[in-house]
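Worksheet for the structure shown next.
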Amino acid sequence: METVHFPIKDWSEDDKPREKLMSKGKDVLSDAELIAILIGSGSRNESAVDLSKKILAGADNLNALGKMSISQLMNYKGIGEAKAITIIAALELGRRRRAEDAVELIKITSSKNVFEIMQPILGELAHEEFWVLFLNNSNKVISKSQLSKGGISGTIVDVRLVFKIALETGATALILCHNHPSGTLVPSSADKQITKKLKLAGESLDVKVLDHLIITETKYYSFVDEGTF
């Protein structure tokens, strides 16, 4: 039996995503309904909400959807270049908002604090990046800097540059952070080596290296918490 699809314009007012948002608020809408508002319309055979559900099912979650390219989104019937760009732009704005919210958490009291600051920056990347948080005597973040950006195979960290920035900003402590795009939380031998190298360099300059976090999309590994520091 052929499935009959009803376009959104034929739905009851309560079921239309835009009308639902206006009357009941944004919190009651599902992810698919929010995406449906972005794309506006589906294809001839399915509504915008049905198409959005299909896209979400293919991506598994919003974080994965945020990593999709324009061409990948355009593989879905009913998604042209303009709609693909709209979806990508909206999800990027969400990522940036999370990053801005995280900046408000200034004082570092645990590894979780560091994860909350750096996950929006590193968690969804398809390549490795190495960042350093520069802290003052009160463990408040003075600044954060990207020290290297590399392929999936790894990054190269300039130890001299790390401490040049530390001295210029008046930092008394550092926290090292990098991501593993593969999702693994096991530190590599290179991860351990750079941690040891930076710790030793910091001791001679009286700048403490407090921790090193490996960050993935939803989890993190703290050298200090795991006793490998």
TODO: State all residues of region 49-61 that are crowded, with 16+ Cβ neighbours inside 10 Å and of a type in the set (A, V, I, L, M, F, W, C); if no residue qualifies, say none.
DONE: VAL49, LEU51, ILE55, LEU56, ALA59
- [ ] Please work out which one of (1) over 24 Å from LYS208 (Cα atoms); (2) touching a residue at least 60 places away in the same chain (Cβ under 8 Å) is the condition ILE108 fails and give its number.
- [x] (1)
Task: Single match in LYS83, LYS197, LYS192, LYS140 (criterion: assigned by TED's automatic domain parsing to the domain that holds SER43, modelled with pLDDT under 95 and over 14 Å from the mean Cα position of the chain (by Cα)) - done: LYS83
Task: Residue in region 102-126 that is farthest from ALA171 (Cα to Cα), counting only those that are assigned to a loop (DSSP other than H, G, I, E, B) and under 12 Å from the mean Cα position of the chain (by Cα) - done: ALA126
- [ ] With respect to ILE121, determine if the residue is closer than 13 Å to GLU217 by Cα and modelled with pLDDT under 95.
- [x] yes
Open item on the list: Quick check on this structure: which one of THR218, THR184, THR195 is in a loop (DSSP other than H, G, I, E, B) and either touching a His at 6+ places or on another chain (Cβ under 6 Å) or in contact (Cβ under 8 Å) with a residue 40 or more places away in the chain (or both)?
Closed with: THR218
Task: Odd one out for THR228 among (1) part of a loop (DSSP other than H, G, I, E, B); (2) exposed (fewer than 13 other Cβ atoms within 10 Å of the Cβ) - done: (2)
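The values are calculated or read from the model by the stated rules, or taken from the named source; none is laboratory data. Just so we're clear, the structure is a prediction, and the values are computed from it rather than from any experiment. Glycine gets a Cβ as well: all are built from the backbone with ideal geometry, and neighbour counts include every protein chain shown.
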